[in-house]
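The values are calculated or read from the model by the stated rules, or taken from the named source; none is laboratory data. All values derive from a computational prediction rather than experimental measurement. Calculation scope for accessible area: heavy atoms of the full protein, side chains included, ligands and nucleic acids excluded. Shrake-Rupley method; radii C 1.70, N 1.55, O 1.52, S 1.80 Å.
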Amino acid sequence: MFKLPMVIIYMIIAFNITAFTAILLLNVLIINSLIAKIIACTLTIGAWVLAYINRDKVVTIF
């Protein structure tokens, strides 16, 4: 049995959300809404908090 730490999965998702937020904040995308930027920043913070909270969980593969 192979044990995969859940933090790896959470960090991959959090990094993707962070990259989207960084591009959104640079005004490269068509979206220029302040509320959309606030929501994206909140999702980024939440994703990293979830990654930190679940850092000790593991999932068994095979």
Original post:
What residues qualify as long-range amide H neighbours of Val58, i.e. H under 5 Å apart, gap of 5 or more or another chain, H built at 1.01 Å from N?
Top reply: Met6
Subject >> Protein accessible area in the chain, 1.4 Å probe - carbon and sulfur % >> reply: 78
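Which whole-number value in Å² is the accessible area per residue of the chain, probe 1.4 Å?
For the chain, the solvent-accessible area averages 77 Å² per residue.
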Original post:
Per residue of the chain, what 222 nm ellipticity follows from adding -39500 (n - 2.57) for every DSSP H run with n ≥ 4, rounded to the nearest 500?
Top reply: -22000 deg cm²/dmol
